[in-house]
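The values are calculated or read from the model by the stated rules, or taken from the named source; none is laboratory data. Here the structure is a predicted model, which means the values were calculated and not measured. Because the Cβ atoms are built from the backbone with ideal geometry, glycine has one as well, and the counts that use them run over all protein chains shown. What goes into the accessible areas is simple: the full protein's heavy atoms, side chains included, and nothing from ligands, DNA or RNA. Shrake-Rupley method; radii C 1.70, N 1.55, O 1.52, S 1.80 Å.
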Amino acid sequence: MERFKFLKGLYYILGSLVIFTSSCKPKKYVYKSPPHYDFKQPVPFKLDIKLKEISGIVWDSHKDQFIAHNDELGQVFFLDRSAGAIMGQPFIFSESKGDYEDIAMVGPDIYVLRSDGAIFKIGIDSAGKRNSTDLGKIGLSDKNDFEAIYYDAEKKALIMICKNCDSDDKKVVSAFAYYPDSIGFVTKPVYQIDAAKIKGLSPRETSKFQPSAARIHPVLKKVFIISSASNQLVITDSNGEVEGVYMLTKKLFAQPEGLTFKSNGEMWISNEGVASRATLVKFIYTP
């Protein structure tokens, strides 16, 4: 009888240990891919050490090349169309150091966004030489931090999305327009993103949504927005209405700061070098 009680107690303890250890195992998340892409089939490329602090990248369809820039230096690099190798010398658009966060193109002209809302234009003169112009910065009061800029051809505007703007509360993330061919900066938001909807659609709980790169998809005409801080890819319509939220695994996206598309829908995401060299990751578009 005593032996029976001992064995029964032992089985109870072992069973409890199994339940306890099972409950202590870390949760495994299934990282779903956005429509038309497969995050399980990335094609990564390591970038030159000069681009370890890569902060923005854009596809130049006119010259069939990538254009990228570093976070701290006022210069842009021209990269090979297939593997991101640096071609030639960088172009210096500003002698000042600063937080240069993202890059966009309007026709042949290049625009670089600084974190304080300033925009620099890189154009080509009549002799075919590149030149740069400081276009000033958006006239918002309080403290503002921007990291994402993209061109919207329908609005004929460069759209800057707040990362952290004092004018925003926790409920919204504002976007502002710069009209390169007419009135320049406009201080009224062109649209606002519902932060609560992003939180509600997120596959798992994470930190605050803080946009670090954005582009309009050339085929779907949706806005793809990366938030490095919260490891998210958010898809909205052209007016910021949230349609989907996808998580980015740290293993593949160490620090995603840049996003661009080729005209066929290929998606390219750049990652700053954290423990090693920066990477440029390609994803095939499937109609």
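Data for the structure
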quantity	calculated
³J(HN,Hα) computed for each position of the range 51-64 - Karplus, 6.51 cos²θ - 1.76 cosθ + 1.60, integer Hz, glycine/proline x	10, 4, 9, 4, 10, x, 8, 9, 8, 9, 6, 6, 10, 6
Listed peptides 202-211, 222-231, 119-128 by packing density, highest first (mean Cβ within 10 Å)	222-231, 202-211, 119-128
Cross-link partners of LYS143 among aspartates and glutamates (Cα-Cα below 19 Å; sequence separation of 8 or more within a chain)	ASP99, GLU101, ASP102, ASP116, ASP166, ASP168, ASP169
C-alpha long axis of helix 2-24 to longest principal axis of the chain, angle in °	0
Percent carbon-and-sulfur accessible area, the chain, ignoring ligands, DNA and RNA, probe 1.4 Å	53
Prolate/oblate/rounded label for the range 145-217 (Cα gyration tensor, a/c 1.5)	prolate
Sequence-separation-based contact order of the range 122-195, relative, with Cα cut under 8 Å and 6+ spacing, percent	23
For VAL106, distant residues with modelled amide H under 5 Å away	TYR111
Residues whose placed amide H lies under 5 Å from that of SER230, excluding near-sequence neighbours	GLN210
Cα gyration tensor, the range 230-277 - rounded (a/c under 1.5), prolate or oblate	oblate
Phi to ³J(HN,Hα) by Karplus 6.51 cos²θ - 1.76 cosθ + 1.60 over the range 272-277, Hz, x for Gly, Pro	4, x, 9, 9, 8, 6
Backbone HN-Hα couplings from phi across the range 205-222 [Karplus 6.51/-1.76/1.60, Hz, Gly and Pro as x]	5, 8, 7, 4, 5, 9, x, 10, 6, 7, 8, 8, 5, x, 9, 7, 6, 9
For the range 105-126 and the range 183-233, distance of Cα centres in Å	22
Net charge contributed by nearby residues that have their C-beta within less than 14 Å of PRO34 (K/R +1, D/E -1)	+1
Solvent-accessible heavy-atom area per residue, rounded to whole Å², over the range 114-208 at 1.4 Å	55
Candidates ILE67, ILE183, ILE161, ranked by Gaussian network fluctuation over the chain, Cα under 10 Å, top entry	ILE183
The chain, relative contact order in percent, only Cα pairs under 8 angstrom and at least six apart counted	17
Relative contact order computed over the range 41-115 (Cα-Cα under 8 Å; 6+ residues apart), in percent	26
Size of charge dipole - the chain - debye, nearest 20, with Cβ of Lys, Arg +1 and Asp, Glu -1, no other charges	1560
Packing-based order for 91-97, 234-240, using average beta carbon neighbours within 10 Å, highest first	234-240, 91-97
Amide H within-cut-off set for GLU266, under 5 Å, with H built and near neighbours excluded	TYR285
Helix-derived mean residue ellipticity, 222 nm - over the chain, DSSP H n ≥ 4, -39500 (n - 2.57), to 500	-3500 deg cm²/dmol
Cα-Cα over 28 Å, subset of LYS52/LYS250; LYS129/LYS221; LYS46/LYS129; LYS32/LYS222; LYS32/LYS121	LYS129/LYS221; LYS46/LYS129; LYS32/LYS121
Proximal aspartates and glutamates to LYS197, defined as alpha-carbon separation beneath 12 angstrom and excluding residues fewer than eight positions away on the same chain	GLU241, GLU243
